[in-house]
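J.: Just dropping this structure here.
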Amino acid sequence: QLQASGGGLVQTGGSLRLSCAASGRFFSINVMAWHRQTPGKQRELVARIHTRAGTNYDDSVKGRFTISRDNAGNTVYLQMSSLRPEDTGVYYCYVATTGGNVAWGQGTLVTVSS
């Protein structure tokens, strides 16, 4: 089970921190990521953290968003700063294990007002 939280309404230039905790059947997680979906668009990768490959970001969020993972390895965070209206969307966390299990969180809405 993935439990995401932290979405909300914020003004342009503001900050939000998303969290996603994995519990239950997730062993040996090697990828944790955040994707977002906006109306009329496909779900897109925002940021990803891999145990060996490190982090990567969509160009649109580089320098503004930071993905991190707790020491236990079961919670992923997305610190979002300098938010823009185009960051508005539903943010989904994603987890993959070395055993091939994958899961999506339920989504958390981020709204950035202009």
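The values are calculated or read from the model by the stated rules, or taken from the named source; none is laboratory data. The structure presented is a predicted model; accordingly, all values stated were derived computationally and were not measured. Neighbour counts run over all protein chains shown; Cβ positions are idealised from the backbone, glycine included. Side chains are part of the model used for accessible areas, which takes the heavy atoms of the whole protein and leaves out ligands, DNA and RNA. Shrake-Rupley method; radii C 1.70, N 1.55, O 1.52, S 1.80 Å.
J.: Can you confirm whether region 98-112 contains a residue that is open to solvent by less than 30 Å² (accessible area, probe 1.4 Å), at pLDDT 95 or above and in contact with a Pro (Cβ under 8 Å, 6 or more places away or on another chain)? Working first, answer last.
T.: In the first step, residues of region 98-112 are kept if they are open to solvent by less than 30 Å² (accessible area, probe 1.4 Å); the result is 103, 105, 107-108, 110, 112.
Remaining after also requiring at pLDDT 95 or above: 108, 110, 112.
From what is left, the residues that are in contact with a Pro (Cβ under 8 Å, 6 or more places away or on another chain) are 112.
Checked region 98-112: at least one residue is open to solvent by less than 30 Å² (accessible area, probe 1.4 Å), at pLDDT 95 or above and in contact with a Pro (Cβ under 8 Å, 6 or more places away or on another chain).
J.: Of the residues Asp87, Asp59, only one is surrounded by 13 or more Cβ atoms within 10 Å (Cβ to Cβ) and among the charged types (D, E, K, R); which? Reasoning before the result, please.
T.: On the way: Asp59 fails: surrounded by 13 or more Cβ atoms within 10 Å (Cβ to Cβ).
Being surrounded by 13 or more Cβ atoms within 10 Å (Cβ to Cβ) and among the charged types (D, E, K, R) holds for just one of Asp87, Asp59, which is Asp87.
J.: Moving on to the next point. For region 102-114, does any single residue satisfy the condition of being within 12 Å of the chain's Cα centre (by Cα), of a type in the set (S, T, N, Q), assigned to a loop (DSSP other than H, G, I, E, B) and at negative phi? Please lay out each step first, then the result.
T.: Pass one, region 102-114, residues within 12 Å of the chain's Cα centre (by Cα): 104-110.
Next, only the ones that are of a type in the set (S, T, N, Q) stay: 106, 108.
Right, trim to assigned to a loop (DSSP other than H, G, I, E, B) and you get 106.
Restricting the remaining residues to those that are at negative phi gives 106.
Yes: region 102-114 contains one or more residues that are within 12 Å of the chain's Cα centre (by Cα), of a type in the set (S, T, N, Q), assigned to a loop (DSSP other than H, G, I, E, B) and at negative phi.
J.: Now for a different question. I'd like to check which strands (runs of 3 or more DSSP E) are fully inside region 61-101 and have at least 2 residues that are under 14 Å from the mean Cα position of the chain (by Cα) and among the aromatic types (Phe, Trp, Tyr).
T.: In region 61-101, 89-97 are the strands (runs of 3 or more DSSP E) which contain 2 or more residues that are under 14 Å from the mean Cα position of the chain (by Cα) and among the aromatic types (Phe, Trp, Tyr).
J.: Find the residue count for region 22-49, including only residues that are out of contact with any Lys or Arg (no Cβ under 7 Å at 6 or more places or on another chain), assigned to a strand (DSSP E or B), closer than 26 Å to Glu86 by Cα and of a type outside the set (D, E, K, R).
T.: Residues in region 22-49 being out of contact with any Lys or Arg (no Cβ under 7 Å at 6 or more places or on another chain), assigned to a strand (DSSP E or B), closer than 26 Å to Glu86 by Cα and of a type outside the set (D, E, K, R): 3 in total.
J.: Does region 42-55 contain any residue that is in contact with an Asp or Glu (Cβ under 8 Å, 6 or more places away or on another chain), closer than 14 Å to Val90 by Cα and surrounded by fewer than 19 Cβ atoms within 10 Å (Cβ to Cβ)?
T.: The answer is yes, given that some residue of region 42-55 is in contact with an Asp or Glu (Cβ under 8 Å, 6 or more places away or on another chain), closer than 14 Å to Val90 by Cα and surrounded by fewer than 19 Cβ atoms within 10 Å (Cβ to Cβ).
J.: Next up: Say we look at region 2-21 and pick out the residues that are on the phi > 0 side of the Ramachandran plot and in a loop (DSSP other than H, G, I, E, B); which of these is most open to solvent (accessible area, probe 1.4 Å)?
T.: Top of the filtered list is Gly13.
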